[in-house]
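Data block below; observations after.
The values are calculated or read from the model by the stated rules, or taken from the named source; none is laboratory data. Just so you know, these numbers come straight off a predicted model, no measurement behind them. Here the Cβ positions follow ideal geometry from the backbone for every residue, glycine too, while neighbour counts run over all protein chains shown. The protein model used for the area step is the full one, side chains on, heavy atoms only, and it has no ligands, DNA or RNA in it. Shrake-Rupley method; radii C 1.70, N 1.55, O 1.52, S 1.80 Å.
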Amino acid sequence: MGNDNFMEEMYLAAVRQLRTIVFELNYETGQKYCSPLFLESFGVESISNEDFTLDEATAGIVYEEDVELYRTLFASRSGERTVTCRFVTKNGTINWYKVTLQYDQKEDGEIARVIGTMKDVSDEIRSSAALRYHRDFDTLTGAPNFQQFNEEVSRTLEWDNGHHHAMIVLDIEEFKVINDLFGMRVGDLVLIHLADCLKELVVRPNVFCRMHSDVFCICITYETKGDIIRFIEKLKKRIEVNEFDFEIKTSYGVYLPDDSNLLEVNLMCDRASLAKKSIKDNAMQFCAFYDEEYRNEILKNNRIEAEMQQALREKQFVMYLQPKFNLENGEIVGAEVLARWKHPEKGMIQPNDFIPLFERNGFIMKLDEYMWEEACKAIQSWRKAGRRQFPVSVNVSRYHIYNRHIENILENLLKKYDLTPGALSLEITETMFFDNSNELYFLLNRLRDMGFRLEVDDFGSGYSSLNMLRNVPVDVIKIDKGFLDDTLNSEKGKVVIRHTIAMAKELQLQIIAEGVETTEHVDFLKGSHCDVAQGFYFARPMPLEEFNKLNF
Ligand code: C2E
Ligand code: CA
Ligand code: CA
């Protein structure tokens, strides 16, 4: 073996071991070389046009987004250049390669040859990205991260029995809005400001960390609850002193660990967060303490949410009907559809235990639709049986203001059960008239144009006035049961309710009194010329089979 050959063999072996692709083009001899690893990696012989810039056949090897970058290798056609860019391998994976190109020039400046190497650096790139992530996480705010906090707090809670500790979670109200309006950079500055305030006010042995995004967690020692509140107030005020053009409002949740039953730090933070969530219902408040009752309620709601879809599929929701009576002749002139949940384990659940939750999570739309259909079925069955017809009232949740399909849904139901719109009466609760007035009026007008009878439910429970009703396209007002109770207790109240009825009549509105429980109620309503009444005095809500036995 000649020396040249020996050197060449050794060189190739070394290159193979280094897993580096080598290519070379000698302009003087026209010789071209590319190591077999290229073929192995990419399934083609080489980047094959005459000077290793891309050609059509091989352009796809360089990852599309990095083609520009790759081309910079050839920009000056002199000296040595390196880029690290992505290539698409034979089996479709995208790997990072460090590509170096070196141009050798002759004395006259002509290019003698070009030598290149390509080395797969994917592993290094990926692990350094991971490192960078961890470092960045802390470099943004300079706050300790959760891991550090976790270790420190666990240690403190275990050893320091002499103090009470409080776990506080805080975040910025509407942080997302700040990011959206002013940009991520400003959002970052806000977080840095927050961390700076914490660094200033959280001093050892107290510790804090940035949990994630805008959520920070603090562990402080305290003697009385007042200490905690004073600390939070001080921190909140400090955060509000800043150079931003907008307010930075923070809210806080506090969990007080039970020394005899220490939870993991992350669970304690969860509980503090849970406490913070309970504030959302109360705009005036910025701080809340964790309480077991609230947690149980959340857990209960979570369970209900997990069950509700299945309950609908399995027809666990049942229609109850409560008749409405003409006060003068005692005839049934209507019925209200009320939902009940016949739970396989918990038995009958009343609407107050699930409707408010369904209104919050949107499921009420499905339940209402289901109840409307049950109502239509019942009406159809009565008609087929030749029974006397009256409008059946269904409840329409406030959520439907935003339901674009409500008209379609109702129309389809009428078609499916061959009914006219007069068969259904829609009960819309009074409180709906306060918010969303425009949307609501549009909706009510459309529904009334379709021919539905509209009832204002719970009239008198809020602040509605008859004056307001002049502008609203409704047919019936249902006087809330609370209104009835209150007014009956005083002579003045009686006057108010009598006039309400009289004025409603002048506005051509029908009046229904609900929650009628006693003979006293009935006598008073009769004397006030109220048309219709609904209540336990006459009948409780009942399942369809029972309702069918009534006289109509
Ligand atoms: P609501 O629409 O005001 O319904 C009348 C409520 O008063 C019913 O409670 C009924 O059982 C009760 N009630 C009737 N007569 C009397 C009485 O003489 N005294 C007393 N104290 N109460 C009486 P229920 O069935 O528990 O329903 C509670 C609420 O849940 C309903 O109030 C309604 O807002 C909502 N709801 C029930 N079913 C549905 C539904 O299918 N969809 C929607 N969106 N809401 C529903
Ligand atoms: Ca109702
Ligand atoms: Ca009502």
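Quick one: what pairs do we get from region 491-502, first residue in contact (Cβ under 8 Å) with a residue 24 or more places away in the chain, second among the acidic types (Asp, Glu), C-beta under 7 Å, 6+ apart or different chains?
Every condition considered, no pair remains.
Taking region 479-502 as the region of interest, how many residues are open to solvent by less than 50 Å² (accessible area, probe 1.4 Å) and within 16 Å of ligand 2 (Cβ to nearest atom)?
5
Go through (1) exposed (fewer than 14 other Cβ atoms within 10 Å of the Cβ); (2) under 16 Å from residue 165 (Cα atoms); (3) in contact with a helix residue (DSSP H, G or I) (Cβ under 9 Å, 6 or more places away or on another chain) and name the single condition residue 203 misses.
The one condition residue 203 does not meet is (3).
What are the pairs, 6+ residues apart or on separate chains, where a residue within region 370-391 that is closer than 15 Å to residue 416 by Cα has its Cβ under 9 Å from a residue that is acidic (Asp, Glu)?
From region 370-391, the pairs are 380/418; 383/418.
Taking region 58-114 on its own, how many of its residues are polar (S, T, N, Q) and touching a Ser or Thr at 6+ places or on another chain (Cβ under 8 Å)?
6
Considering every residue within region 408-424, establish whether at least one is surrounded by 16 or more Cβ atoms within 10 Å (Cβ to Cβ) and modelled with pLDDT under 90.
The answer is no, given that none of the residues of region 408-424 is surrounded by 16 or more Cβ atoms within 10 Å (Cβ to Cβ) and modelled with pLDDT under 90.
Name the residue, out of 455, 520, that is surrounded by fewer than 21 Cβ atoms within 10 Å (Cβ to Cβ), at pLDDT 85 or above and within 15 Å of ligand 1 (Cβ to nearest atom).
After ruling out the rest, the residue left standing is 520.
Take residue 535 and decide whether it is within 16 Å of ligand 3 (Cβ to nearest atom), modelled with pLDDT of 85 or more and touching a helix residue (DSSP H, G or I) at 6+ places or on another chain (Cβ under 8 Å).
Against the criterion (within 16 Å of ligand 3 (Cβ to nearest atom), modelled with pLDDT of 85 or more and touching a helix residue (DSSP H, G or I) at 6+ places or on another chain (Cβ under 8 Å)), residue 535 qualifies.
Being of a type in the set (A, V, I, L, M), farther than 17 Å from residue 457 by Cα and in contact with a Leu (Cβ under 8 Å, 6 or more places away or on another chain): is that true of residue 550 here?
No: the conditions fail for residue 550.
Cβ-Cβ below 6 Å, separation at least six or inter-chain, first residue in region 472-489 and at pLDDT 90 or above and within 12 Å of ligand 3 (Cβ to nearest atom), second open to solvent by 40 Å² or more (accessible area, probe 1.4 Å) and assigned to a strand (DSSP E or B): which pairs?
476/510
Among the residues of region 312-352, count how many are over 28 Å from residue 297 (Cβ atoms), assigned to a loop (DSSP other than H, G, I, E, B) and open to solvent by less than 50 Å² (accessible area, probe 1.4 Å).
So the answer is 2.
I want to confirm something. Restricting to region 388-407 and keeping residues that are aromatic (Phe, Trp, Tyr) and farther than 24 Å from residue 510 by Cβ, which single residue is surrounded by the most Cβ atoms within 10 Å (Cβ to Cβ)?
399
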